[in-house]
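The values are calculated or read from the model by the stated rules, or taken from the named source; none is laboratory data. Because the structure is predicted, anything quoted here is derived from the model rather than measured. Cβ placement follows ideal geometry from the backbone for every residue including glycine, while neighbour counts extend to all protein chains displayed. For the accessible areas, the whole protein counts, side chains as well, though only heavy atoms, and no ligand, DNA or RNA atoms are used. Shrake-Rupley method; radii C 1.70, N 1.55, O 1.52, S 1.80 Å.
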Amino acid sequence: METMTTINGAPGGTAGGGIDGVLFDFSGTLLRIEPAESWLRASLAAFHAAPGTPPCPLADGEIVQLAAALERAGALPGGASPATLPDELTALWDLRDRDARHHRAVYTGLARQVPLPRAELYDPPSAGRSLYDALYDRHMTPDAWLPYPDAAEVLAALHLRGIRTGVLSNIGWDLRPVLRAHGLDRHLSACVLSFEHALQKPDPRLFELACRELGVAPPHVLMVGDDRTADGGATAVGCAYFPVDHLPVHRRPDGLRPVLDLIG
């Protein structure tokens, strides 16, 4: 990847010499969601662990095919975007990270584009719990998220250098338990989540709010994230921006380490 740092809206150079705080995006930056197949298998295990629920009747091939279909539908938050966005979800898609109810409605709605085998079991017409609900619930658990190999190292190193760090995420649920479970919260000074403020990146107001929570003025803050539009919007308020690639964790072992060189 060819890295590029943008400072105060101007590309080029480094962020060294004036950065006192670093804001990190969550999904695709510090951690990556698990693959769709393991997400589905874990959700099935949780579904069938409920008292009175029969063992899973699906063959291995059915599970693999179902996982692929859910991935194409964009049903896994933090995973691939929908191949096709249904008309009835288009408006809600743009607002999904501003409200927890919208977030759940969008992703369970995308999952429902995929018919479930044994629908009488997995999506009962009564008020019984659906596999679609189990899928959404699974993605909010710590086990569903894999930290990038250098995430903890970089956060700790920044802390030792006296740099304040925080998380700024477009998200529809509270990710703090995930950060705690993976030991990534211990050096964070702020955690700003879009749904808690009804704002989402690249809205300048959310970056300004995050900088206040961090206790560092925007010209002395570096934003690190995988979305060039959403995270790169930090430059509108005077922050610097460093992009990373949203890759599986095994393919990006040291994508965050250049931040340490930028800080100097």
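At-a-glance table
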quantity: Residue match in region 217-237 (condition: on the phi > 0 side of the Ramachandran plot and of a type in the set (A, V, I, L, M)); calculated: no
quantity: In region 54-105, the residues that are among the acidic types (Asp, Glu) and open to solvent by 20 Å² or more (accessible area, probe 1.4 Å); calculated: ASP60, GLU62, GLU71, ASP87, GLU88, ASP94, ASP99
quantity: Residue match in region 22-43 (condition: under 29 Å from ALA152 (Cβ atoms) and at pLDDT below 95); calculated: no
quantity: Residue list for region 213-236, restricted to those being among the β-branched types (Val, Ile, Thr) and open to solvent by 30 Å² or more (accessible area, probe 1.4 Å); calculated: THR229, THR235
quantity: Filtered residues of region 1-21 (kept if at pLDDT below 95, surrounded by 15 or more Cβ atoms within 10 Å (Cβ to Cβ) and under 23 Å from the mean Cα position of the chain (by Cα)); calculated: THR5, THR6
quantity: Qualifying positions in region 25-46 - touching an Asp or Glu at 6+ places or on another chain (Cβ under 9 Å) and in a strand (DSSP E or B); calculated: SER27
quantity: Complete set of residues in region 124-149 that are at pLDDT 95 or above and over 17 Å from the mean Cα position of the chain (by Cα); calculated: SER130, LEU131, TYR132, ASP133, ALA134
quantity: Top-ranked residue of region 237-251 - restricted to ones that are surrounded by fewer than 20 Cβ atoms within 10 Å (Cβ to Cβ) and out of contact with any strand residue (DSSP E or B) (no Cβ under 7 Å at 6 or more places or on another chain), ranked as nearest to PRO149 (Cα to Cα); calculated: HIS250
quantity: Boolean, ASP245 is closer than 19 Å to ARG32 by Cβ and without any contact (Cβ under 8 Å) to a residue 60 or more places away in the chain; calculated: no
quantity: Hits in region 182-203 - residues which are open to solvent by less than 30 Å² (accessible area, probe 1.4 Å) and aliphatic (A, V, I, L, M); calculated: LEU184, ALA190, VAL192, LEU193, LEU199
quantity: Unique residue being at pLDDT 95 or above, open to solvent by less than 60 Å² (accessible area, probe 1.4 Å) and either under 16 Å from the mean Cα position of the chain (by Cα) or β-branched (Val, Ile, Thr) (or both) when the list is LEU206, LEU179, LEU158; calculated: LEU179
quantity: Qualifying position, being free of Cβ contacts under 8 Å to residues at least 12 places away in the same chain and either over 30 Å from ASP245 (Cβ atoms) or part of a helix (DSSP H, G or I) (or both), among ARG129, ARG101, ARG96; calculated: ARG101
quantity: Among (1) under 23 Å from LEU146 (Cβ atoms); (2) hydrophobic (A, V, I, L, M, F, W, C); (3) touching an Asp or Glu at 6+ places or on another chain (Cβ under 8 Å) - the single one LEU66 does not satisfy; calculated: (3)
